[in-house]
1. Restricting to region 29-40, give me the number of residues that are touching a Ser or Thr at 6+ places or on another chain (Cβ under 6 Å) and of a type outside the set (S, T, N, Q).
2. State which residue is surrounded by the most Cβ atoms within 10 Å (Cβ to Cβ) when the search covers only region 86-107 and only residues that are more than 21 Å from Val57 (Cβ to Cβ) and within 14 Å of the chain's Cα centre (by Cα).
3. If you go through region 36-70, how many residues are among the polar types (S, T, N, Q), surrounded by 14 or more Cβ atoms within 10 Å (Cβ to Cβ) and farther than 19 Å from Phe111 by Cα?
4. Name the single residue, out of those in region 172-200 being surrounded by 14 or more Cβ atoms within 10 Å (Cβ to Cβ) and of a type in the set (D, E, K, R), that is modelled with the lowest pLDDT.
5. Just to be sure I understand the filter: pairs with C-beta atoms under 7 Å, separated by 6 or more residues or on different chains, first member in region 135-164 and assigned to a loop (DSSP other than H, G, I, E, B) and modelled with pLDDT under 95, second member among the aromatic types (Phe, Trp, Tyr) and crowded, with 18+ Cβ neighbours inside 10 Å. Which pairs pass?
6. Which residues, counting only those in region 67-95, are among the β-branched types (Val, Ile, Thr) and in contact (Cβ under 8 Å) with a residue 40 or more places away in the chain?
7. Given the conditions (1) under 15 Å from Met95 (Cβ atoms); (2) under 15 Å from the mean Cα position of the chain (by Cα), report the number of the one that Arg41 does not fulfil.
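The values are calculated or read from the model by the stated rules, or taken from the named source; none is laboratory data. Worth saying up front: this structure is predicted, and the values here are computed from it rather than measured. Quick reminder, even Gly has a Cβ in these numbers, built from the backbone with ideal geometry, and neighbours come from all protein chains shown.
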Amino acid sequence: MTDSSDFSDETRAIQKRFKTDRLADKMLERVFRESFTDADREFVENAMFFFLATVDVNGRPQCSHKGGPRGFVRVTGPSELVFPCYEGNGLYLSMGNVASTGGVGLLFIDFEKQTRLRVNGMAEIDDRHPLLDEVTAAQMAVRVTVTDIHPNCPRNIHKMNFAELSRYTPKGDDENVGKAPWGGRFADVLPDYMKPDDGE
């Protein structure tokens, strides 16, 4: 999004209803950007999670949580970032949407500092990205060409403190990564690499 002509008629109508159309125009002019600032890069690369929005070919949305060790998302260019896709529930709904439509929205939140950042763009799966040689347990890499970046209103971000890393998060070395606690319901259809470790 680069100017107010990118607002849909419906979005513009709601802005006018609440008298924020002039505010929206000024935000586009002063806040929205297409390249990462140094502060943006630090915020993104310090994140241990983000929320990923995608849409399928029928317009049906998906929103998923993507987490990893600090630094698992990398800013790789002025308007590009990359993140690994780890083992999940095996549905690959988000990755399927990336492969089919490409449009993504990433929402980064720091609950301790009560700040957040939106990054929108077009994504593609990159099975040859150098990140795959550096990140433990990554199944594929997702490269995002950014179209717009903007901080989001900090209102109603509840202050929360980090407690501990998930036991299933790859740590960036060669230690075994804990397998998801599937239980017995899906044991007969799990591929070997997804089967729980003994004792889990």
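1. First, the residues of region 29-40 that are touching a Ser or Thr at 6+ places or on another chain (Cβ under 6 Å): 34-35.
After this cut, where a residue has to be of a type outside the set (S, T, N, Q) as well, the list is 34.
Residues that pass the stated criteria total 1.
2. Per the criteria, the residue is Tyr86.
3. The first filter runs over region 36-70 and keeps only residues among the polar types (S, T, N, Q), leaving 37, 46, 54, 58, 62, 64.
Remaining after also requiring surrounded by 14 or more Cβ atoms within 10 Å (Cβ to Cβ): 54, 62, 64.
Keeping just the survivors that are farther than 19 Å from Phe111 by Cα gives 54, 62.
Of the residues in that region, 2 qualify.
4. Taking region 172-200 as the starting set, the residues that turn out to be surrounded by 14 or more Cβ atoms within 10 Å (Cβ to Cβ) are 172, 177-180, 182, 190, 194-196.
Now narrow it down to the ones that are of a type in the set (D, E, K, R): 179, 195.
Values: Lys179: 63, Lys195: 74.
Top of the filtered list is Lys179.
5. Pairs that qualify, where the first residue is assigned to a loop (DSSP other than H, G, I, E, B) and modelled with pLDDT under 95 and the partner is among the aromatic types (Phe, Trp, Tyr) and crowded, with 18+ Cβ neighbours inside 10 Å, are Val135/Phe72; Ala137/Tyr86; Ala138/Tyr86; Gln139/Tyr86.
6. Step one: list which residues in region 67-95 are among the β-branched types (Val, Ile, Thr), which gives 73, 75-76, 82.
The answer is Thr76, Val82.
7. For Arg41, the exception is condition (1).
Listed here are the residues, each with its yes/no results for (1) in contact (Cβ under 8 Å) with a residue 60 or more places away in the chain; (2) aromatic (Phe, Trp, Tyr).
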{"residue": "Asn97", "(1), (2)": "no, no"}
{"residue": "Gly103", "(1), (2)": "no, no"}
{"residue": "Phe111", "(1), (2)": "no, yes"}
{"residue": "Val119", "(1), (2)": "yes, no"}
{"residue": "Asp127", "(1), (2)": "no, no"}
{"residue": "Asp133", "(1), (2)": "no, no"}
